[in-house]
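The values are calculated or read from the model by the stated rules, or taken from the named source; none is laboratory data. Values in this document were obtained by computation on a predicted structure and should not be read as measured data. All Cβ positions, even for glycine, are placed from backbone atoms using ideal geometry, and neighbour counts span all protein chains on display. Only protein heavy atoms, including side chains, enter the accessible area calculation; ligands, DNA and RNA are left aside. Shrake-Rupley method; radii C 1.70, N 1.55, O 1.52, S 1.80 Å.
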Amino acid sequence: MCSAVAHAARARRVDLFLKLQQACAAEAQAASRPITVTIQTPHRDQEPAHVIAASHTTVPAQLMRGISNRNQIAACRVNGHLWDLMRPLTDTCHLQFLFWDTDWDYGLKEMCWHSGAHVLGAALEEVYGDDILLCDGPPVKRGAGFFYEGHLKHGQTVNTDALAQVEKHMHELCRLQHDLQRIDVTPEQALDVFCDNPFKQHFIHRAQQQGETSISIYKLASFVDLCEGPHIRNLRPFSSKTIALTSTSQAEFDWSGREEMKPDNWDTHTPLTRTYGICFPSKQMFRHWKRDVEEREKYNHSAVGKSLSIFMQHDTSPGPVTSRCRDAVACVRACVRV
Ligand SMILES: [Zn+2]
């Protein structure tokens with residue numbers, strides 16, 4: 001990590017985003033027309049409400065006024081699809097709000113962790129500046145949390161000190177409660193925004209080849225990223241005394257199986273570093289997750305097997321594992337139950 005971090009590329013992206021945002025707002029105003037929004041209330045016994053709104057300018061967050069527990073609203077669905085609270089509605093539609101206390105397992109979890117990846121990306125950029133080229137930052141597919149991977153220039157790595165700094169910035173970003181803002185632009189405009197990043201350029205070219213004519217870009221504070229969305233509006237639930245956010249580990253990236261992510265001119269021997277994180281909207285949920293991880297670790301067969309001398313592994317060749325009993329897994333299970 002360099003002592004003096006330069007943020008020229010980030011500043012350029014923000015500048016361009018704000019200019020494009022202004023142009024998008026003017027276009028939206030010109031295209032706006034009346035639409036009917038049918039709002040499904042959280043109480044099933046109540047009739048849906050019908051509201052007249054303006055296409056391309058009205059956002060779902062403006063339609064929360066009549067909802068009784070609106071401070072619990074985290075995101076929404078439009079015609080069944082997950083949608084940003086701050087993304088303008090484009091046509092007559094059916095709107096359903098999602099609540100922190102009831103919808104965690106019905107779409108909110110992925111949205112929340114997806115949004116967490118943006119916070120992690122923003123923090124990595126804050127710490128490493130122009131020395132990091134961010135690649136992809138999705139929620140973890142099979143498991144919990146999210147990650148962001150990127151290439152660190154000059155052979156740098158994300159060490160423990162840097163990880164602590166990244167986490168500190170993540171907490172700060174949550175505390176400031178910036179909204180995730182979205183614009184939809186042409187592939188050419190998106191290529192211009194990410195002209196310094198070969199990974200983002202590769203993703204845009206790939207979308208172009210698949211026939212996409214519109215590319216969405218999000219901004220969180222000073223962090224501009226290429227993303228399809230959707231996200232929770234901001235990291236409000238993670239602020240104050242309910243912050244439950246941690247960078248859990250980092251590992252060097254392996255391209256195998258993900259070749260489609262690799263820009264054509266990218267050398268596979270040039271590694272990416274992946275940093276993991278996780279966040280929950282309450283301290284209690286975070287504690288439950290942590291306790292589950294600790295429990296799983298206790299019952300990790302390979303660790304228990306080694307500690308009880310059931311397996312043999314040589315330090316110079318840790319790959320081959322030799323069992324010292326005929327049914328090692330059954331043996332470990334029996335041992336941890338004692
Ligand atoms: Zn995103």
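Among the listed residues 51, 59, 37, 14, identify the single one that is assigned by TED's automatic domain parsing to the domain that holds residue 129 and of a type outside the set (Phe, Trp, Tyr). Step through it out loud before you land on a result.
Values: 51 fails: assigned by TED's automatic domain parsing to the domain that holds residue 129; 59 fails: assigned by TED's automatic domain parsing to the domain that holds residue 129; 37 fails: assigned by TED's automatic domain parsing to the domain that holds residue 129.
Unique residue meeting the criteria: 14.
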- Subset of segment 249-300, residues touching a strand residue (DSSP E or B) at 6+ places or on another chain (Cβ under 8 Å) and of a type in the set (Asp, Glu), comes to 252
- Kindly indicate whether any position in segment 37-46 is β-branched (Val, Ile, Thr), open to solvent by 20 Å² or more (accessible area, probe 1.4 Å) and either at pLDDT 95 or above or farther than 25 Å from residue 217 by Cα (or both). yes
- Task: Please tell me if residue 154 is farther than 26 Å from residue 289 by Cα, open to solvent by 30 Å² or more (accessible area, probe 1.4 Å), touching a residue at least 12 places away in the same chain (Cβ under 8 Å) and assigned by TED's automatic domain parsing to the domain that holds residue 275.
- Result: yes
- Message: Let me spell it out: the conditions are (1) open to solvent by 60 Å² or more (accessible area, probe 1.4 Å); (2) closer than 30 Å to residue 59 by Cβ, and residue 168 meets all of them except one. Which number is the exception?
- Response: (2)
- Does residue 274 meet the test of being of a type in the set (D, E, K, R), part of a helix (DSSP H, G or I) and either modelled with pLDDT of 75 or more or under 16 Å from residue 145 (Cβ atoms) (or both)? no
- Task: Just need a number here: residues in segment 191-227 that are within 11 Å of the ligand (Cβ to nearest atom) and either modelled with pLDDT under 95 or β-branched (Val, Ile, Thr) (or both).
- Result: 1
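Return yes or no: is residue 53 more than 30 Å from residue 192 (Cα to Cα) and of a type outside the set (D, E, K, R)? Step through it out loud before you land on a result.
Values: more than 30 Å from residue 192 (Cα to Cα): yes; of a type outside the set (D, E, K, R): yes.
Spelling it out, residue 53 is indeed more than 30 Å from residue 192 (Cα to Cα) and of a type outside the set (D, E, K, R).
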- Task: Look through 137, 143 and report the one residue that is in contact (Cβ under 8 Å) with a residue 60 or more places away in the chain, under 17 Å from the mean Cα position of the chain (by Cα) and either within 17 Å of residue 279 (Cβ to Cβ) or more than 16 Å from the ligand (Cβ to nearest atom) (or both).
- Result: 137
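Inside segment 53-87, can you point out the residues that are of a type in the set (Lys, Arg) and either assigned to a helix (DSSP H, G or I) or surrounded by 17 or more Cβ atoms within 10 Å (Cβ to Cβ) (or both)? So that I can check it myself, show each step before the final result.
Taking segment 53-87 as the starting set, the residues that turn out to be of a type in the set (Lys, Arg) are 65, 70, 77, 87.
Once the filter is applied, which keeps residues that are of a type in the set (Lys, Arg) and either assigned to a helix (DSSP H, G or I) or surrounded by 17 or more Cβ atoms within 10 Å (Cβ to Cβ) (or both), segment 53-87 yields 70, 77, 87.
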- Among (1) within 22 Å of the chain's Cα centre (by Cα); (2) farther than 30 Å from residue 194 by Cβ; (3) among the aliphatic types (A, V, I, L, M), residue 64 falls short only on (1)
- Where a residue in segment 272-294 is within 18 Å of residue 74 (Cβ to Cβ) and its partner, wherever it lies, is modelled with pLDDT under 90 and of a type in the set (D, E, K, R), with Cβ under 8 Å and at least six apart: 283/241
- Please find, among 83, 104, the residue that is under 24 Å from residue 175 (Cα atoms) and within 16 Å of the ligand (Cβ to nearest atom). 83
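This table checks each residue for (1) closer than 23 Å to residue 58 by Cα; (2) in a strand (DSSP E or B); (3) touching a residue at least 40 places away in the same chain (Cβ under 8 Å); (4) within 16 Å of the ligand (Cβ to nearest atom).
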{"position": "89", "(1), (2), (3), (4)": "yes, no, yes, no"}
{"position": "97", "(1), (2), (3), (4)": "yes, yes, yes, no"}
{"position": "116", "(1), (2), (3), (4)": "no, no, yes, yes"}
{"position": "121", "(1), (2), (3), (4)": "no, no, yes, yes"}
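It is to be established whether one or more residues within segment 158-167 are outside any strand (DSSP E or B) and in contact with a Pro (Cβ under 8 Å, 6 or more places away or on another chain). Talk me through it step by step, then tell me what you get.
Taking segment 158-167 and keeping what is outside any strand (DSSP E or B), we get 158-167.
From what's left, in contact with a Pro (Cβ under 8 Å, 6 or more places away or on another chain): none.
For segment 158-167, residues outside any strand (DSSP E or B) and in contact with a Pro (Cβ under 8 Å, 6 or more places away or on another chain): absent.
Residue-by-condition table, conditions (1) within 19 Å of residue 235 (Cβ to Cβ); (2) in contact (Cβ under 8 Å) with a residue 60 or more places away in the chain; (3) not acidic (Asp, Glu):
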| position | (1), (2), (3) |
| --- | --- |
| 175 | yes, yes, yes |
| 183 | no, yes, yes |
| 188 | no, no, no |
| 194 | no, yes, yes |
| 199 | no, yes, yes |
| 204 | no, no, yes |
| 210 | no, no, yes |
| 213 | no, no, yes |
| 218 | yes, yes, yes |
